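Just so you know, all these numbers are worked out from the coordinates, no wet-lab data involved. Values in this document were obtained by computation on a predicted structure and should not be read as measured data.
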Amino acid sequence: MVRQLALSLACEGLLRYKTASGMSPHTIEDYRSSFKKRLVFFKDDPPIGSITRDQLVGFLAWLRDD
């Protein structure tokens, strides 16, 4: 059985990677803020591989409207 990575864990991994690569703290906070909003949009914390293109586009559009 292949275990799929939850969206929350993928987001946390990206934050750690970007922090380690020297991205500015302000940019990291912007990422963190956007990732917190994903909890509102993706309430069930789906596996990253199950998110469709349409869901991702919908999330990005929703962020712009926020």
Rg over Rh of region 7-65, using C-alpha atoms and the Kirkwood radius, what does it come to?
0.98
Length-normalised contact order of the chain in % [C-alpha pairs under 8 Å, at least 6 apart]
46 percent
Give, in nm to one decimal, the length gained when the segment between GLN4 and ASP54 is fully stretched (0.36 nm per residue of separation minus the Cα-Cα distance).
16.0 nm
Using each residue's phi in region 20-36, evaluate 6.51 cos²θ - 1.76 cosθ + 1.60 at θ = phi - 60° and report the 3J(HN,Hα) Karplus result to the nearest Hz, with x for Gly and Pro.
5, 7, x, 5, 4, x, 5, 5, 4, 5, 4, 4, 4, 4, 5, 5, 5
In terms of modelled amide H atoms, which long-range or inter-chain residues lie less than 5 Å from the amide H of ALA6?
ILE48
Taking the chain and counting helices only, DSSP H stretches of n ≥ 4 at -39,500 (n - 2.57) each over all residues, the nearest-500 ellipticity at 222 nm comes to -21500 deg cm²/dmol
